[in-house]
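Scroll down for the structure; my scribbles are underneath it.
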Amino acid sequence: MANLPILLDYWPSMFGMRARVALREKGVEFEYREEDFSNKSALLLQSNPIHKKIPVLIHNGKPVCESLNVVQYVDEAWPEKNPFFPSDPYGRAQARFWADFVDKKFADAQFKIWGKKGEEQEAGKKEFIEAVKILEAELGDKPYFGGDSFGYVDISLITFSSWFQAYEKFGNFSIESESPKLIAWAKRCMEKESVSKSLPDSEKIVAYAAEYRKNNL
Amino acid sequence: MAEEIILLDYWASMFGMRTRIALEEKGVKYEYREEDLSNKSPLLLEMNPIHKKIPVLIHKGKPICESIIQVQYIDELWPDSNPILPSDPYQRAQARFWADYIDKKTYVPCKALWSETGEKQEAAKMEFIEVLKTLDSELGDKSFFGGNKFGLVDIAFIGFYSWFRTYEEVANLTIVAKFPKLISWAQRCLKRESVAKALPDSDKVLKSVSDHRKIVLGIDEFHV
């Protein structure tokens with residue numbers, strides 16, 4: 001009998017969460033392994049020698065690294081259920097563009113809000129709100145970024161929603177007042193079991209971020 | 001039948017070169033439009049409002065931005081000629097990983113190599129040497145990064161070869177002597193018409209950068 005795919009992960013990581021959501025969307029059973037960053041496992045270092053980061057999905061003994069790469073791999077390795085991409089090449093290119101936007105603009109900005117203070121934090125807040133407004137415009141009146149079905153862009157972004165409370169607390173602002181549509185979208189996504197099972201409680205994230213700020217700032 | 005493809009590009013951009021190569025690999029006719037990066041066209045700003053960068057591929061009036069995304073788009077539209085991505089999901093994941101690695105690790109240092117001096121340039125040199133070492137190791141004894149066939153990772157990196165002479169001259173980097181495997185690989189890629197057509201002359205790139213450095217940084221590289 002084939003071994004279960006292994007996911008090397010770290011519970012608060014919004015990047016790791018993407019892999020969890022993707023696997024659950026496909027109904028794939030997997031073994032979740034928590035990594036300790038102060039003591040990375042031999043398996044992690046061996047599987048991702050270039051970046052030494054999570055998530056790493058090990059399937060049939062072979063590692064796949066980088067969260068969006070893992071999500072695309074999961075989609076292609078288990079193609080029958082819940083496709084993450086539309087079938088037309090232009091729709092697929094657009095999906096890739098927007099997930100890339102989340103990585104390039106949204107991810108960096110959000111870190112500054114909870115991971116920095118002072119001017120850097122303020123700059124991060126500004127960039128974050130800008131990115132949120134752009135994403136909201138892209139979502140428009142669609143139920144999901146993918147249109148009628150939850151897809152690649154939704155997976156790339158929804159995991160950050162577990163951190164929204166932390167952004168609001170440390171950034172001292174309300175995401176809902178900046179983008180009610182995005183909050184509504186996030187709630188809609190959370191109704192999916194693949195999402196609700198994969199994201200940790202917001203309070204736990206707030207506590208985690210508070211600890212980080214205490215130790216680093 | 002014309003496919004109505006326009007490529008907004010900049011002749012020396014290693015990113016634009018990727019898209020040119022992909023289009024040539026598929027034998028697709030397109031209209032190349034040179035952008036003046038100091039005076040971006042209204043079309044560029046309209047088609048790529050988010051990043052305002054080249055290359056921008058415009059197909060039947062609709063824009064596709066980001067070079068690796070464009071290459072995948074072209075590959076999916078014309079899947080039968082010269083496939084760029086392999087068909088196996090794991091091989092595809094490996095190709096995407098290395099294309100992403102190249103993007104993540106070269107963008108900042110490569111810019112600093114030609115536009116900076118002193119410490120900033122030195123730091124960039126160290127970073128880029130690491131990238132070359134890693135890619136050299138990943139290539140190993142294979143003909144191309146994906147194995148026997150020219151593919152995504154080759155397309156992602158080959159454009160940088162046209163900048164090697166520039167990096168060697170303006171950043172005092174040793175590339176050709178230190179990385180013979182990569183140079184052989186590059187020569188192998190250049191045998192393909194798509195690559196030969198897409199890459200500018202290395203000396204032309206060097207001249208353009210040297211002129212820029214003379215004007216902007218007041219540096220004359222060629223003191224005898």
- Message: Being within 13 Å of another protein chain (Cβ to nearest Cβ) and of a type in the set (A, V, I, L, M) is true for just one of B:Ile21, B:Ile74, B:Ile6. Which residue is that?
- Response: B:Ile74
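When only residues in segment A:70-94 that are more than 7 Å from chain B (Cβ to nearest Cβ) and part of a helix (DSSP H, G or I) count, which is surrounded by the most Cβ atoms within 10 Å (Cβ to Cβ)? Before the answer, list the steps.
Filtering segment A:70-94 down to residues more than 7 Å from chain B (Cβ to nearest Cβ) leaves A:70-71, A:74-75, A:78-88, A:91, A:94.
Imposing the further condition that a residue be part of a helix (DSSP H, G or I) reduces the set to A:70-71, A:74-75, A:91, A:94.
Details: A:Val70: 26, A:Val71: 25, A:Val74: 28, A:Asp75: 21, A:Gly91: 14, A:Gln94: 24.
Top of the filtered list is A:Val74.
Any idea which residue in segment A:101-136 is surrounded by the most Cβ atoms within 10 Å (Cβ to Cβ), counting only those that are among the acidic types (Asp, Glu) and closer than 18 Å to A:Met17 by Cβ? Show your work before the answer.
At the first step, the residues of segment A:101-136 found to be among the acidic types (Asp, Glu) are A:103, A:108, A:119-120, A:122, A:127, A:130, A:136.
Narrowing further to those that are closer than 18 Å to A:Met17 by Cβ: A:103, A:108.
On the way: A:Asp103: 18, A:Asp108: 13.
Among them, the one singled out is A:Asp103.
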- Quick one: how many residues across segment B:46-57 are part of a loop (DSSP other than H, G, I, E, B) and in contact (Cβ under 8 Å) with a residue 12 or more places away in the chain? 7
- Take the residues of segment B:77-92 that are in contact with a Phe, Trp or Tyr (Cβ under 9 Å, 6 or more places away or on another chain) and more than 9 Å from chain A (Cβ to nearest Cβ): which is farthest from B:Gly159 (Cα to Cα)? B:Asn82
- Message: Looking at segment A:44-69, I want the residues that are at the interface with chain B (Cβ under 9 Å from one of its Cβ atoms) and within 20 Å of B:Asp136 (Cα to Cα) and have a partner that is surrounded by fewer than 24 Cβ atoms within 10 Å (Cβ to Cβ) and among the polar types (S, T, N, Q) with Cβ atoms under 8 Å, at least 6 apart or on another chain. Which pairs are those?
- Response: A:Ile50/B:Thr134; A:Cys65/A:Ser47; A:Cys65/A:Asn48
- Failed condition for A:Ala137, given (1) away from every other protein chain (no Cβ under 12 Å); (2) under 25 Å from A:Ser179 (Cα atoms); (3) in a helix (DSSP H, G or I), with all others met? (1)
- Note on the structure: Among (1) within 14 Å of chain A (Cβ to nearest Cβ); (2) more than 15 Å from the chain's Cα centre (by Cα); (3) in contact (Cβ under 8 Å) with a residue 60 or more places away in the chain, B:Ala95 falls short only on (3)
- Restricted to segment B:58-88, and to residues that are assigned to a strand (DSSP E or B) and aliphatic (A, V, I, L, M), which residue is surrounded by the fewest Cβ atoms within 10 Å (Cβ to Cβ)? B:Ile58
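Condition check ((1) touching a Ser or Thr at 6+ places or on another chain (Cβ under 9 Å); (2) among the basic types (Lys, Arg)) across all residues:
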residue	(1), (2)
A:Arg18	yes, yes
A:Asp36	no, no
A:His51	no, no
A:Tyr73	no, no
A:Ala77	no, no
A:Ala93	no, no
A:Val102	yes, no
A:Lys117	no, yes
- Note on the structure: Contact list, first residue from segment A:136-157 and on the phi > 0 side of the Ramachandran plot, second anywhere and surrounded by fewer than 16 Cβ atoms within 10 Å (Cβ to Cβ), beta-carbon distance below 9 Å, six or more apart or interchain, is A:Gly147/A:Gly91
- Being closer than 27 Å to B:Asp88 by Cα, within 15 Å of the chain's Cα centre (by Cα) and free of Cβ contacts under 8 Å to residues at least 40 places away in the same chain, is that true of even one residue in segment A:110-133? no
- Item | Yes/no for A:Leu44 being farther than 23 Å from A:Phe164 by Cα, of a type in the set (A, V, I, L, M, F, W, C), touching a Lys or Arg at 6+ places or on another chain (Cβ under 9 Å) and not in a helix (DSSP H, G or I) | no
- Task: Tell me, yes or no, whether segment A:108-126 has at least one residue that is modelled with pLDDT under 95, in a helix (DSSP H, G or I) and closer than 22 Å to A:Met14 by Cβ.
- Result: yes
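The values are calculated or read from the model by the stated rules, or taken from the named source; none is laboratory data. Just so we're clear, the structure is a prediction, and the values are computed from it rather than from any experiment. With ideal geometry, Cβ positions are generated from the backbone for all residues, glycine too; neighbour counts draw on all protein chains shown.
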